[in-house]
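The values are calculated or read from the model by the stated rules, or taken from the named source; none is laboratory data. All of these numbers come straight from a predicted model, not from anything done at the bench. Positions of Cβ are generated from backbone atoms using ideal geometry, with glycine treated the same way; all protein chains shown enter the neighbour counts. Areas reflect the complete protein model, heavy atoms only, side chains present, ligands, DNA and RNA absent. Shrake-Rupley method; radii C 1.70, N 1.55, O 1.52, S 1.80 Å.
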Number of protein chains: 2
Amino acid sequence: MSKDLKIIGKPQIKIDANIRVTGEARFGHDVQLPNMLYGAILRTKYPVADILSLDTSKAKSLPGVKCVITANDIDTENISYRRDHPILKKNKVNCIRDEIAAVAATSKEIALKALELIEVEYKINEGIFDPFESIKKDSPQINDFIDGKYENKNIAENFHYEHGNLEEEKAKSKFIVTERYTLPRVTHCCMATSNITADYSKTDGKLTLWSTTQVPFLYQRDIARALKMEPSNIRIIQVVIGGGFGSKLDMYPYEPICAILSIKCGQPVQLIFSREEEFIASPTRQPMVFDLTTGADESGRFTFRDVKIILDNGAYTSWGATTPFVMMQTFSSLYHCPACNFDSTAVYTNNIYAGSFRGYGNPQATFALERNIDLLAEQIGMGKAEIRLLNSNYQGEVTNQGLIFNTCGHKDALEKVISITSGNNKPNTDNKNKSKRYKRGIGYASMLHVGGGAKIYPSDGCGTTLKLDPFGYMTLITGSSEIGQGSETVLAMIAAEELGIDISKIKVINTDTDIKPWDVGVHASRTSFVAGNSVLGAVNKLKEKISPTAAIMLKTNIEDLKFENGQIVSVKTGASIALDKVIRAIHFKGNHELCIETYFYEPSSEFADKEFKGNVSGTYAFAAQAIEVEVDTYTGNVKVLDIHVAQDIGKVLNPLGLAGQIEGGVVQGLGYALTEELIVENGYVLNPNFHNYKLPTAMDVPRIHFYPIETEDSLGPYGAKGVGEAPLIPTAAAIANAVADAIGVKINSLPVTPEKVLRAIAEKC
Amino acid sequence: MSKDLKIIGKPQIKIDANIRVTGEARFGHDVQLPNMLYGAILRTKYPVADILSLDTSKAKSLPGVKCVITANDIDTENISYRRDHPILKKNKVNCIRDEIAAVAATSKEIALKALELIEVEYKINEGIFDPFESIKKDSPQINDFIDGKYENKNIAENFHYEHGNLEEEKAKSKFIVTERYTLPRVTHCCMATSNITADYSKTDGKLTLWSTTQVPFLYQRDIARALKMEPSNIRIIQVVIGGGFGSKLDMYPYEPICAILSIKCGQPVQLIFSREEEFIASPTRQPMVFDLTTGADESGRFTFRDVKIILDNGAYTSWGATTPFVMMQTFSSLYHCPACNFDSTAVYTNNIYAGSFRGYGNPQATFALERNIDLLAEQIGMGKAEIRLLNSNYQGEVTNQGLIFNTCGHKDALEKVISITSGNNKPNTDNKNKSKRYKRGIGYASMLHVGGGAKIYPSDGCGTTLKLDPFGYMTLITGSSEIGQGSETVLAMIAAEELGIDISKIKVINTDTDIKPWDVGVHASRTSFVAGNSVLGAVNKLKEKISPTAAIMLKTNIEDLKFENGQIVSVKTGASIALDKVIRAIHFKGNHELCIETYFYEPSSEFADKEFKGNVSGTYAFAAQAIEVEVDTYTGNVKVLDIHVAQDIGKVLNPLGLAGQIEGGVVQGLGYALTEELIVENGYVLNPNFHNYKLPTAMDVPRIHFYPIETEDSLGPYGAKGVGEAPLIPTAAAIANAVADAIGVKINSLPVTPEKVLRAIAEKC
């Protein structure tokens, strides 16, 4: 990549930044359609109960109410990864989110009033809220819709992975650490609450959904299955998304419910969550308990990892149950390790269920692994930096799970954050008294994550159609979706760079399944990598179409053409011609052609085999974080001073967008580490509001230092890798390690609240 | 075309029919955007006046008013074909339509109230309402924005065409007829009134227009020029159109006005005409006076035509002034004619101005020519059928203007309607008394019209992008537009036919300039021909992509593949495979490709030269109508009994859509012939409502008999030609000829009102 880049690598304000800050952006909440109705959902009052009766007659007779539905009124398939989730629940409710009726009315107020008029008679039952209780053989079955995959009726999903000879490696190990780690529920806290607008045409049987999904083509198929419709008769239009972070990967009951209301009424219906509903009824990060044993030989080389994970699945199975796919990579392949035994079980409980959340299990896995590494280092008497450097991943490594590290910036990243923080780990010396109260510590953590998609579907590719108009402006139609990660901007930068035009001349269209080429969706930090490569392929096709005419007009050879500054230049003769002029010549003269080209990029990744082995991603991202904290030993308060992030991003495409991803991710990790927890007790959500759910705000953000590691992966666009999830992944681990370092205690759960810190100090004394 | 067709030629309900009849279709009136304002326009109170003062202060201070603009507030270019039309008029008004101020407010009611509060002081001036007065040398100049093209300042446009030796042919002529014909103003009477919604983003400077334009890409360029913007920063989204008929070919002041209101307010603005406004301020068919002399030799062969036309241009120049382009074809080339002298002058007056209207001058020209033919036949003593058959056009003819009749159904069409009506022209014999009062007559008329576009722009082509999804459904993105003519349906039929899939599996996308490939727009009966060929080209590319994989899967040769019933079949082995399965194989296996292809079709037509000669259309349509009428000689009422239409449509694509075009066109011709006239006196529109403007309704429709003539043009899709304008063109001429035949008078103007009939009978006696 010796190419002289003019746009790539230079700071570019997100192309949708202005409309977002001025309020011009149209979110789902802003969708207005003629004759639109307003939907609302009645959820159970109790997490575990039988529904003895459900009387909607009063609600139905309220003026303005167009439709009231219960499970008896609909004919649908169960949804969710395990198809264990009925859209409306009939005789029995299993968790506090459970939808039991829904209303469409001419105003939001009337819809909510109608919910109040629905009379439900419950018989409250005892629930199981602890997965360790639930998994016991004699526990009653929680979910009625499971298939026979597991003998134990409360197991939602089990994954087993192994490599190497565990017993042999154990025997070799001079040092062994065994710990239990408990990771909490956190939720995405999207600023825009969940919303959908459904518009069904009774005359042609077609359904249009203004949706926030981040996987529109899979969503189209899923919602079609739920509604027993043809997928192609459903058009998904993605609205501007006010926060995604993985929460829009799955389909939730409110979505088909809204569609059904529209189908029943023959009118558009809009359904928007309140903030309280958003806390209670949106997905969460999967809460887990890890029992992790790791070993090292006398030189400090890692020997084996043996991990058993229990995931609290909640009452139904969303994507959270599949996070072990990602977690097993961390245990198998982050730092070289000869043997690994991984076993995870997602267990039904009567709690709310977890979905997908940025990092997809990896923050949890990385927390457990990196905490154990610190403990191993302490046992060995080795530096926490040194043990990591010794075991770090390397370029060309093919891990025991089959991941191929075409490039690898792991060691560089570690070295960077270690060198920067080296010597910082000193007590605060400017105030002797203060130093007794305030203890400083440094924590390190690395991470490994897919950086070019993850093959979980027969295609992990992305299509792009580029259309140049006679004025030299471009429409870039990408299959990929913008959920705030800045992909529109990066894709436009790539097209602008290659075609030598100003980015302001590029419009990105990416919201309509009827129009855009197929893409698997936003997940696995794949968009810059996969969609970026797709744009590159499409631009190349465009240039192939444009060049022959340009060469004739410039009396030069095709090989001598350069696209820059809106011109096509002959590097041989110096002659140049405006790009739009050539486009017009192609369109209006000669053979009369349009400059429209479509390209589909499929990464070289492969499905994992039955043993979960295989090179599932186009490339892999690495990062190391070093975090300095100061613990107030009187109050237990942890103050994060500096967060040093070194991340192998392959190549910086847009420094501004990258900084946004890094800072946003780190702050999300900060909340996970210190303050955030969605508290669920006996099935009830106790803090469904921003008063009691402590999301970090601007005032809480420490100094964040970012050091991009450019490994220039030959498969990535300009060498780039995905960056979206990585920055969040090691933050909580590094903070926990820093707190442990500061006050010499074990930190085995999150969040590290002042209460926990004080208790740990007290227990130690 | 021996191909066995499964869909083409079979009746197909329009794919947008259901949503139109159930009210689900979303017209411009249904567009709703967040924070949308409502616009209204203040027009002059007097057709000709100086504006001495214009005070908007009271209007501006009305609560809810966001913006009031006058000519002083805007910086725009003049619009219209001759750039003689300021968007808002400043010191002087020239016709009753003139826009002098505009308002945007939070409700329609407030906007209208604000108009009332604008104080205008006028000095009323004398106007010129007769083009023959206006063209006099000493007449005052009407339009202040003309260029110096013509010495006479009141000439808007002059066209001169000639071929052959007029004097020689005159000398040869044994029979000569000279007449003056006066054609009235009629208007389109679209059921949906004019509307636009403008949405300007202050942050990114982009403007989106929900527009009814029928030429979106030219409109984008025109509105950009008016607003001094980059065309590519304007996105045109076409709403469902409730009646077009050519009225949406030009841009009118209300459109940039609405855009300016949105730009000034930074909010969306919607502007919708009232019905009265629609009558007063929409375009009309060009009113004209023809002085026509035609000759024939002793055998009845036509020798020459000499025509001078004065067009009442109104105060500004819309497309009406260019109708001579079409009219000269009728005089030069309908029926073989050795010499032609054509001279037309569009003259400014203080009347309202005319735009484009289905037929584009041809109903007027055909009326004049066909009336003269009847008079020639009478002079010669020849049958009115015979003289037409004798002179009819023929296949392979290259007319003196350079039109090439690759196929020609003129004579077949004439023979059909003549044979059907032969012997019908008898007085009503079942009641002797009645027969004295009621006189029956038969009239014939032919027409020639472009049937495959008209080269008026460097490209007359159309692009198509076809996208197949993994379920075998197709998105057909066409550059062409649907304005009610049924083109979406025909294009979907073509794709369905070729790909062997059900038409319900095809969605047509055709409303967004950012997305759809370029097309010149809906005019000149070009869409089925040009866009149809474009779809054929794109389907062929798709099949080329699909076939190799299908051949491998079926273990057969590519040449042996047939696409039918959603399957790909090997005609050799009989083996078959579902199309969607092959699409998935291409997408999800092997090279991983999408089935998306784009094709651009450019017809072989050429620009006319300086002498207006050249083969400007891909093909030409012909028609003959024979109409039987009964005239009540006591009341003057004309009752149309039967309308026989034989039209060379090349090939029937959709019999239902074709019938709709034929019937709709004929009824529009019926209104033009008998009842419709927009009465303008001293510049005022006297009948701006459906009470006094007599549009035919269902009760007025006679029996219409349609005989398609299938000439199967080798250049048309399946042999088809354009059909949209033709059915209207000869109807008024044939009705006038029938009335003349029935009561033995001359009919030299339209509409043929009872009053005119009675007066003619009285004058004859």
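Scanning the range A:377-422 for residues that are among the small types (Gly, Ala, Ser) and in a loop (DSSP other than H, G, I, E, B) yields A:GLY381, A:GLY383, A:SER392, A:GLY396, A:GLY402, A:GLY409, A:SER422. Taking (1) hydroxyl-bearing (Ser, Thr, Tyr); (2) under 30 Å from A:ILE128 (Cα atoms); (3) part of a loop (DSSP other than H, G, I, E, B) in turn, A:THR711 satisfies each apart from (2).
Of the residues making up the range B:644-669, those that are outside any loop (DSSP other than H, G, I, E, B), among the β-branched types (Val, Ile, Thr) and in contact (Cβ under 8 Å) with a residue 40 or more places away in the chain are B:VAL645, B:ILE662, B:VAL666. Checked across the range A:221-230, the condition of being free of Cβ contacts under 8 Å to residues at least 40 places away in the same chain and within 18 Å of A:ALA102 (Cα to Cα) holds for at least one residue. Just the residues that are away from chain A (no Cβ under 14 Å), among the hydroxyl-bearing types (Ser, Thr, Tyr) and either without any contact (Cβ under 8 Å) to a residue 24 or more places away in the chain or in contact with a Leu (Cβ under 9 Å, 6 or more places away or on another chain) (or both), please, taken from the range B:174-198. Answer for the range B:174-198, where residues must be away from chain A (no Cβ under 14 Å), among the hydroxyl-bearing types (Ser, Thr, Tyr) and either without any contact (Cβ under 8 Å) to a residue 24 or more places away in the chain or in contact with a Leu (Cβ under 9 Å, 6 or more places away or on another chain) (or both): B:THR178, B:TYR181, B:THR182, B:THR187, B:SER194.
The condition of being within 14 Å of chain B (Cβ to nearest Cβ), open to solvent by 10 Å² or more (accessible area, probe 1.4 Å) and part of a strand (DSSP E or B) holds for only one of A:LYS439, A:LYS455, A:LYS467, that being A:LYS467.
Is there a residue being within 24 Å of A:TYR353 (Cα to Cα), among the hydrophobic types (A, V, I, L, M, F, W, C) and either away from every other protein chain (no Cβ under 14 Å) or assigned to a loop (DSSP other than H, G, I, E, B) (or both) anywhere in the range A:162-173? There is no residue in the range A:162-173 that is within 24 Å of A:TYR353 (Cα to Cα), among the hydrophobic types (A, V, I, L, M, F, W, C) and either away from every other protein chain (no Cβ under 14 Å) or assigned to a loop (DSSP other than H, G, I, E, B) (or both). Applying the criterion of being of a type in the set (D, E, K, R) and open to solvent by less than 60 Å² (accessible area, probe 1.4 Å) to the residues of the range B:669-717, the residue that is modelled with the highest pLDDT is B:GLU676. Residue count for the range B:714-745 under the criterion of being of a type in the set (D, E, K, R) and part of a helix (DSSP H, G or I): the result is 1. As a summary of the residue check, A:ALA102 satisfies the conditions (1) open to solvent by 20 Å² or more (accessible area, probe 1.4 Å); (2) of a type in the set (Gly, Ala, Ser); (3) in contact (Cβ under 8 Å) with a residue 24 or more places away in the chain except for the one numbered (1). The test for being modelled with pLDDT of 95 or more and under 20 Å from A:LEU311 (Cα atoms) does not hold for A:ARG235. Tallying residues that are more than 14 Å from chain A (Cβ to nearest Cβ), polar (S, T, N, Q) and in contact with a strand residue (DSSP E or B) (Cβ under 7 Å, 6 or more places away or on another chain) within the range B:480-506 yields 1. For the range B:224-250, filtered to residues that are under 12 Å from B:ILE196 (Cα atoms) and open to solvent by 10 Å² or more (accessible area, probe 1.4 Å), the residue that is farthest from the other protein chains (Cβ to nearest Cβ) is B:LYS248. Selection within the range B:8-44: residues that are more than 11 Å from chain A (Cβ to nearest Cβ) and in contact with an Asp or Glu (Cβ under 7 Å, 6 or more places away or on another chain). The member of this set that is surrounded by the fewest Cβ atoms within 10 Å (Cβ to Cβ) is B:ARG43. For the range A:199-216, taking the residues that are within 25 Å of the chain's Cα centre (by Cα) and open to solvent by less than 40 Å² (accessible area, probe 1.4 Å), the one that is nearest to the other protein chains (Cβ to nearest Cβ) is identified as A:PRO216. Among the conditions (1) under 33 Å from the mean Cα position of the chain (by Cα); (2) away from chain A (no Cβ under 14 Å); (3) of a type in the set (D, E, K, R); (4) open to solvent by less than 50 Å² (accessible area, probe 1.4 Å), the only one that B:ASP50 does not satisfy is (1).
Condition test on A:ILE568, is it over 26 Å from B:ARG235 (Cα atoms) and open to solvent by 30 Å² or more (accessible area, probe 1.4 Å)? No.
The residues of the range B:454-480 that are out of contact with any Lys or Arg (no Cβ under 6 Å at 6 or more places or on another chain), among the polar types (S, T, N, Q) and modelled with pLDDT of 95 or more, listed by number, are B:THR464, B:THR465, B:THR478, B:SER480.
Would it be correct to say that B:LYS541 is within 44 Å of the chain's Cα centre (by Cα), more than 19 Å from B:ASP4 (Cα to Cα) and either open to solvent by 10 Å² or more (accessible area, probe 1.4 Å) or aromatic (Phe, Trp, Tyr) (or both)? So B:LYS541 passes the test. Within the range A:704-761, the set of residues being touching a helix residue (DSSP H, G or I) at 6+ places or on another chain (Cβ under 6 Å) and on the phi > 0 side of the Ramachandran plot comprises just one member, A:GLU712.
Evaluate the range B:110-130: report whether one residue or more is touching an Asp or Glu at 6+ places or on another chain (Cβ under 8 Å), open to solvent by less than 10 Å² (accessible area, probe 1.4 Å), in a strand (DSSP E or B) and touching a residue at least 40 places away in the same chain (Cβ under 8 Å). Checking the range B:110-130: not a single residue is touching an Asp or Glu at 6+ places or on another chain (Cβ under 8 Å), open to solvent by less than 10 Å² (accessible area, probe 1.4 Å), in a strand (DSSP E or B) and touching a residue at least 40 places away in the same chain (Cβ under 8 Å). For the range B:599-625, a residue qualifies if it is part of a loop (DSSP other than H, G, I, E, B) and either crowded, with 24+ Cβ neighbours inside 10 Å or within 13 Å of another protein chain (Cβ to nearest Cβ) (or both), and the qualifying residues are B:GLU602, B:PRO603, B:SER604, B:SER605, B:GLU606, B:PHE607, B:VAL616, B:SER617, B:GLY618, B:THR619.
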